[in-house]
1. Strictly over 29 Å apart at the Cα level, which of LYS31/LYS138; LYS144/LYS257; LYS91/LYS257; LYS61/LYS252 would you flag in this model?
2. Can you list the lysines whose alpha carbon sits under 24 Å from that of LYS38, skipping same-chain ones fewer than 8 residues off?
3. Run the reach check for LYS245 against aspartates and glutamates, Cα to Cα strictly under 17 Å, same-chain hits fewer than 8 apart removed. What comes back?
4. Any idea what the dipole of region 83-280 comes to, in debye rounded to 20, about its Cα centre with Lys/Arg Cβ at +1 and Asp/Glu Cβ at -1?
5. Using Cβ contacts closer than 10 Å as the measure, can you line up TRP273, TRP240 from fewest to most?
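No lab work stands behind these numbers, since they all come straight from the coordinates. None of these values were measured; they are calculated from a predicted model. Counting neighbours? That spans all protein chains shown, and the Cβs are built from the backbone with ideal geometry, glycine included.
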Amino acid sequence: IFDAYECLEKRGEGAFGKVMTVHYQQSRAAKSITLRTKEQLKLVEMEINLMKQLDHPNILKIYEAEKKPAIYLILELCNGGSIFERLVYHKKTLQRPMSERQSAGYCKQLLNACAYLHKFNIVHRDLKPDNLLFMTRKSDSVLKIIDFGLADYVTNIHASSSSSTTRRRQFPKAGTPHYMAPEDALSIWGGGIFPLNTCGVILCQMLSGEHPFFTPGRDTAKSSKQRILSSAPVLEEKIWKNISKKALDLVKKLLEKNPDRRLSAKEALKHPWFAEIDRQNADILAKTTSSTSSSSANNNKTTSGS
């Protein structure tokens, strides 16, 4: 698979392999995966097969895959870092959370990808800031969901409790503890339910800089899961007083513990907050266009009079 590609640089290395930047007509990411067991091979093969079926602007594309002797993947190249890195940058360097306009742009992309997955009855099951990468470093970059290692069809997740395979045994507890939905933490899944709590948690982090169910240095994975199950999200007044009521309303509706009352991805995309942000963006664009036109007209007058 690498015969057609020029290796440019090593980008990272993990427990199962490494990632390289390669080039053939355009730059892409190459990932090599070294597997130690047949179960690991089955998991990765399932992930590859699922990813090959997906085609959405906010989901990482897989171009090629080969098994000789390790698994080699050619993937879409993301150079913009993760949402996690941007959250840290805003908190530690800028010392302020993301703006509502920026947060809405990222959240809308995430919800669009979730709506696409849910249309095909697919659940990612490990959405978190680390698994959301940007194509570029620009603030308005396209966002991509990555890492479909725990993703599967809803029907398979429902059947997990009666299965004996490693993958199925993972499903009841799949995901990162402080980004789980209540039904994931309890290992109960109902028909047609797609947990969107993670989207609410990430939106909360972008808007406020704080996780609603996890306090670093105080919470453990166990205590965080307990808070997700039984505690109201921590939305401090001193932080949220400068954030619009519509934004707060969407956060609360995405964090709803009862899945029957929680918004779906398609419903969330119709929330009034997004319409309000769209109006603000349109106003800013109109003012910018008007200012540019006035500046050009003045320059033309100056040129004509000289």
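1. Checking Cα-Cα distances, LYS61/LYS252 exceed 29 Å.
2. Qualifying lysines at Cα under 24 Å: LYS18, LYS52, LYS67, LYS68, LYS173.
3. Within the straight-line limit of under 17 Å, LYS245 reaches these aspartates and glutamates: GLU100, GLU236, GLU237, GLU256, GLU276, ASP278.
4. Rounded to the nearest 20 debye, it is 160 debye.
5. Exposure proxy ranking, most exposed first: TRP240, TRP273.
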